[in-house]
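The values are calculated or read from the model by the stated rules, or taken from the named source; none is laboratory data. This structure is a prediction, so every number in the text was calculated from the model and none was measured. FYI the Cβ positions are ideal-geometry reconstructions off the backbone, even for glycines, and counts take in every protein chain you see. Quick note on the areas: whole protein, heavy atoms, side chains included, nothing else; ligands and nucleic acids left out. Shrake-Rupley method; radii C 1.70, N 1.55, O 1.52, S 1.80 Å.
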Amino acid sequence: MRYTTERIVKLAILSSLGLVLMFFVRFPVIPTASFLEYEPGDVPALVASFLYGPSSGLLVTAVIVIVQALTVSAGSSWIGALMHFAATGSMVLVAGMVYRRNPTFKGALMGLFLGSCTMIVLMIPMNLIFTSMFLDLPKEAVKEIIITAVIPFNVFKTAVNSTLTILLYKNVGRILIHWGA
């Protein structure tokens, strides 16, 4: 894929939108695990993946994760950044690859479903490995919150982000395609 100046500008716009959403819309979902905060900043990365391919979605994800790690999530250091990139990156990559092969509404739904499943499953071992380090908890304590907090949070997050992406990606795509044309 060629990154023209126009495409870089459009990816920067999507990255900026993701950052605005990440900064201004964030809240904990599970009271017993307040470190699991929902923010819709992943939606522009999913839109980028549908519009310009999985590598573009990963690029937008990387920008959002790096800025988040340096600002609102600075306390979680590299662990939070790694986990966010793994979570969002896996969903963006799978959803974008499926949609690239089948660029239809059904392909978008299938991509988001498979991307969601990938993220949910991937975050189980990621949390078992890294959350105990991040929260300084024994692995047994982390195992207890996998079923009660981590999986429900990721199901909620992927469902909301998938719904928002389905509702927005065609309209955002039309705006970006006509902008600068």
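If only the Cβ of Lys and Arg carry +1 and only the Cβ of Asp and Glu carry -1, the dipole of the chain around its Cα centre is close to 720 debye. Which lysines have a Cα lying under 28 Å from the Cα of Lys139, excluding residues fewer than 8 positions away in the same chain? Within reach: Lys157. Helix 42-52 versus the longest principal axis of the chain: what angle, 0 to 90°, nearest 10, using Cα atoms? That helix lies at roughly 30 degrees to the long axis.
How would Arg26, Arg101, Arg174 rank on accessible area, largest to smallest, probe 1.4 Å? Working shown, then result.
Values: Arg26 60, Arg101 190, Arg174 125 Å².
Ranked from most to least accessible, the order is Arg101, Arg174, Arg26.
Just the protein heavy atoms count here, and of the accessible area of region 17-120 at 1.4 Å, carbon and sulfur take up 76 percent. Here the Karplus relation 6.51 cos²θ - 1.76 cosθ + 1.60, evaluated at θ = phi - 60°, turns the backbone of region 10-18 into coupling constants of 5, 5, 5, 5, 5, 4, 4, 4, x Hz, with x for every Gly and Pro.
With a cut-off of 10 Å between beta carbons, the residues surrounding Leu176 carry a summed charge of +2, where Lys and Arg count +1 and Asp and Glu -1.
Roughly how tilted is helix 151-178, in degrees to the nearest 10 and between 0 and 90, from the longest Cα axis of the chain? Roughly 20 degrees between the two axes. Seen against the Cα atoms of the chain and their longest principal axis, helix 105-135 is set at about 30 degrees. The residues Ile79, Ile166, sorted by heavy-atom accessible surface at 1.4 Å with ligands and nucleic acids left out, run Ile166, Ile79 from largest to smallest.
Around Ala87, what is the net charge, scoring Lys/Arg as +1 and Asp/Glu as -1 over all other residues with Cβ under 14 Å from its Cβ?
Charge balance in the 14 Å sphere: -2.
Rolling a 1.4 angstrom probe over the protein heavy atoms with all chains in place gives region 49-181 an accessible area of 50 Å² per residue.
For the set Ile177, Ile146, the ranking by accessible area, highest first and with no ligand, DNA or RNA atoms included, is Ile177, Ile146 under a 1.4 Å probe. Multiplying the residue separation of Trp78 and Phe105 by 0.36 nm and subtracting their alpha-carbon distance yields 6.1 nm. Can you give the net charge of the other residues whose Cβ lies under 13 Å from the Cβ of Pro54, counting K and R as +1 and D and E as -1? Every neighbour counted, the sum reads +2.
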